[in-house]
Amino acid sequence: AGRAIEPALRRATESKNREAQLRAKSILDDFRYGVFADTPEDVAAIIRRYRREEPKTREVLWGQILSHASIETLIAITNNEPTAAQRQQVLERLEREGQVEEAVTLAEKWRGEYGSPEDLAKLDEFIRKQVPYFLAKRQFEKSESLLEQSATDSPGIRNWAAFLFLRGELDEKIDELNAQLVEATGPAQRSEIQTKLIHMLRVKGDEAGALAMARQLDAP
């Protein structure tokens, strides 16, 4: 029956029948790690062993799982165990297999869920790297959205500013950021906006404006 049976399995874990409880919990554990009725038995066996082993052995087993399991299974494992390195590997596999849109959707989801600044920077880098795919498909709104999301460092801001310049939208964004700067509260927020403005003014060719903004840059 697949995942459709999950609600019934959850009810079965409350059964007075001990064997029914254990069987239901076992299947639910499989579901959490992406083992379903159509998962090849050899892959299922590796995943079940992976759940039991120590970290060093799990690293070896993860390599086998990454190569042979379905994307659905990999996502289930990484959702259950949010390890930054593993998530990055799943995204890279999707990219290699040409599933760029699925990879970006997943990266955006993960970006909103967790992560150290270093982890988020890697996700931003991955997202930024996919922009040419969307540009080639003339999906300009999506391209701009991805560039804006990943404008968290100097290269990212410059890429975003260059895109806006080529689209004739840079002046509008500069006006919008200036308005946000007026409303900003706290040095960190002001510094973030000012940094974006500095790069955008430079891309526009307004070196004097960029220098003036740099001189008033707030320290976070």
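For the stretch 57-76, which positions are of a type in the set (A, V, I, L, M, F, W, C) and free of Cβ contacts under 8 Å to residues at least 24 places away in the same chain?
Val60, Leu61, Ile65
Take the stretch 141-178 and flag every residue that is hydrophobic (A, V, I, L, M, F, W, C), farther than 18 Å from Pro117 by Cα and touching a His at 6+ places or on another chain (Cβ under 6 Å).
Ala161
So for the stretch 45-52 (the condition being among the basic types (Lys, Arg), buried (at least 16 other Cβ atoms within 10 Å of the Cβ), under 26 Å from the mean Cα position of the chain (by Cα) and within 28 Å of Glu14 (Cα to Cα)), does at least one residue qualify?
Checked against the condition, which is being among the basic types (Lys, Arg), buried (at least 16 other Cβ atoms within 10 Å of the Cβ), under 26 Å from the mean Cα position of the chain (by Cα) and within 28 Å of Glu14 (Cα to Cα), the stretch 45-52 yields at least one hit.
Among (1) assigned to a helix (DSSP H, G or I); (2) more than 24 Å from the chain's Cα centre (by Cα), where does Ala37 come up short?
(1)
For the stretch 77-163, give me every one of the helices (runs of 4 or more DSSP H) that falls completely inside it and has 3 or more residues that are surrounded by fewer than 18 Cβ atoms within 10 Å (Cβ to Cβ) and within 12 Å of the chain's Cα centre (by Cα).
Result: 84-96, 100-111, 117-129.
Looking at (1) open to solvent by 90 Å² or more (accessible area, probe 1.4 Å); (2) within 29 Å of the chain's Cα centre (by Cα), which is the only condition Ser191 fails?
(1)
Pull up the stretch 1-18, narrow it to residues that are out of contact with any Leu (no Cβ under 9 Å at 6 or more places or on another chain), at pLDDT 85 or above and charged (D, E, K, R), then point me to the one that is surrounded by the fewest Cβ atoms within 10 Å (Cβ to Cβ).
Lys16
What residue, of Ala84, Ala107, Ala44, is out of contact with any Phe, Trp or Tyr (no Cβ under 6 Å at 6 or more places or on another chain), under 23 Å from Leu146 (Cα atoms) and of a type in the set (A, V, I, L, M)?
Within the list Ala84, Ala107, Ala44, the selection yields Ala84.
For the stretch 172-198, which residues satisfy the criterion of being more than 16 Å from Gln149 (Cα to Cα) and in contact (Cβ under 8 Å) with a residue 24 or more places away in the chain?
Ile174, Pro187, Ala188, Arg190, Ser191, Gln194
Answer with yes or no whether Leu181 is open to solvent by 20 Å² or more (accessible area, probe 1.4 Å) and more than 24 Å from Ser143 (Cα to Cα).
no
The values are calculated or read from the model by the stated rules, or taken from the named source; none is laboratory data. Note that this is a predicted model, so its numbers are computed, not measured. Don't worry about glycine lacking a Cβ; one is built from the backbone with ideal geometry, like all the others, and counts go over all protein chains shown. Protein only, heavy atoms only, side chains kept; ligands, DNA and RNA dropped before computing areas. Shrake-Rupley method; radii C 1.70, N 1.55, O 1.52, S 1.80 Å.
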